[in-house]
């Protein structure tokens, strides 16, 4: 209704109508104001909640906290949280980009989910050439000094640098990344850092260029693109690290050398070394010198197929004595060592080398027993004509041959089990992993540990059952001592027969008028004493091998149970212990 003239002339009613019309034209009412600020009020309320919850959080934990509010069905809250995260996560993604594509951790306020150990932050290798120069750690084998004392703390090992320099902080990892991808990010950055600073990779620029071409910008709004970039970077970095270890530093050659030398895979080398060292190792340990052992080792290498191995491999092999006590002989303290330098010692760390040392010592004992029994058998076979001249001892020699054949069967089954069923099968599994080149350096370290642990467990017959961890191993080594004592007694028996045969020949010569002087060769031992020792050692061997077979047949490991079956073929020892019941 148009205003009247009276209203225009100052009518109060007309003035009120004009004021109301102006309010309607401006649209400013309390209700409209409330509607207009409702969205911002909700935003401020959301900000207040975030600020209250983030009092004691920062970095990735803060991003993770805000991301938790995005898990809602309210589209407004989810949109606001996404916008807030896009801004808040910018520093996180900047640090992530640097770590994922360059292996550099630029995190001055400790906000990233990767942390650096301050003690190792600036530790790097001074890498020696793999083809020349002195090896790192020349003074020790797996952390062992010249006489076996621990010196591993004198330098930072590759494994300690790889596993200890950076730590994964799960509580600082944003939830939108996920632990699986977080582990890949962690591994990728570690690999790049290791390649750059510990491996002296000359192609580092090429690797970084490949990583730069993996995808677009890392940001919260493109989670799918982020996951693709992480996967690609992980594969490139891991493959490059594998190539460096196996092509540049020849890790597979070193693993094969450890198998051939310390695990006695080079059969002719082991035989030559055993043959040339036997006279020296039979002497007291305090009369041996390392330079003599080293010279003998070089001779064994030249006389065997080991001479065809790469020079870099052969020069790492050395002979040494472990720390010895009074009364020990060379056999008790002799060992081989294989020296490794950085960065190969990341995989072949001191703990792994000690396990190789344990395996060598056990396999070396088996090889010694096998060689001793073979020589004893050949001596008995070649002396058959001598025994014919002492016919009353034929039965005793027959019993000796039976027991020695039993011992030879035992030691050859042990040797075949260790070499064929354990070492070769474990090596095949390791090679399959190496050829696939899947996973990262942690996966390679774990595969090598599994390979080594499997051999230690099976070769040393370790039983996980309570109280029986080394019981079988000790019994086997005691059996080795019995075999050596039996061989010594048979040597005395052989010398006695040889002397007795010569004496009887001299008596026959005297009857023909030929007089000769025969010196006794059987020593101070009488025949009854010698035969008593042989019978005692034979009985002890029979009893102890029965105990070993029974222990193997109840072993938790299937391969060890099969070894028990092979040792007691046709239930030989069971029938021997449990004589057949008389028929009724």
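In whole Å, what are the extents of the stretch 171-317 along the principal axes defined by its C-alpha atoms, from largest to smallest?
If we take the Cα atoms of the stretch 171-317, the spans are 76, 33, 25 Å.
Sorting check: for 289-299, 255-265, which peptide has the highest mean count of neighbouring beta carbons within 10 Å, and how do the rest follow?
Ranking, from highest mean packing down: 255-265, 289-299.
Fewest Cβ neighbours within 10 Å first, please rank 99, 36, 397, 331 accordingly.
36, 331, 397, 99
Applying 1/(1 + (r/R0)^6) with R0 = 41 Å to the Cβ-Cβ distance of residue 385 and residue 478, what FRET efficiency is obtained, to the nearest 0.05?
0.70
For the stretch 244-333, take the convex hull of the Cα atoms, compute a quarter of its surface area, and give me that in nm², please.
6.2
Would you please put 343-356, 159-172 in order of how densely packed they are, using the mean number of other Cβ atoms within 10 angstrom per residue and starting with the highest?
Taking the mean over residues of other Cβ atoms within 10 Å, the ranking is 343-356, 159-172.
Fully extended, how many nm does the chain gain between residue 170 and residue 315 (0.36 nm per residue separation, minus their Cα-Cα distance)?
Working it through step by step, the gained length comes to 47.7 nm.
If you project the alpha carbons of the stretch 340-568 onto the principal axes, what extent comes out on each, in Å, largest first?
Principal-axis extents of the Cα atoms in the stretch 340-568, largest first: 87, 39, 26 Å.
Run the paramagnetic zone check for residue 569: 7 angstrom along Cα to Cβ, then residues of the stretch 416-444 with backbone nitrogen under 20 Å.
So the set is 416-422.
Using 0.36 nm per residue, how much length does the chain from residue 558 to residue 438 gain when fully extended, once their Cα-Cα distance is taken away?
In short, 40.3 nm is gained.
Taking only the alpha-carbon atoms of the stretch 328-410, what semi-axes of the equivalent ellipsoid follow from 5 times the gyration tensor eigenvalues under a square root, in whole Å, largest first?
Over the Cα atoms of the stretch 328-410, the semi-axes work out to 44, 11, 9 Å.
Please work out the ratio of the alpha-carbon Rg of the stretch 284-375 to 2.2 N^0.38 Å and round it to two decimals.
Compactness ratio reported: 1.19.
Highest first, please rank the peptides 78-89, 190-201 by the mean number of other Cβ atoms sitting within 10 Å of their residues.
190-201, 78-89
Coordinate-derived values only; no laboratory data. Treat the numbers as computed from the prediction; the structure is a model and nothing was measured. A quick note on method: Cβ atoms are made from the backbone with ideal geometry, for glycine too, and the neighbour counts reach across all protein chains shown.
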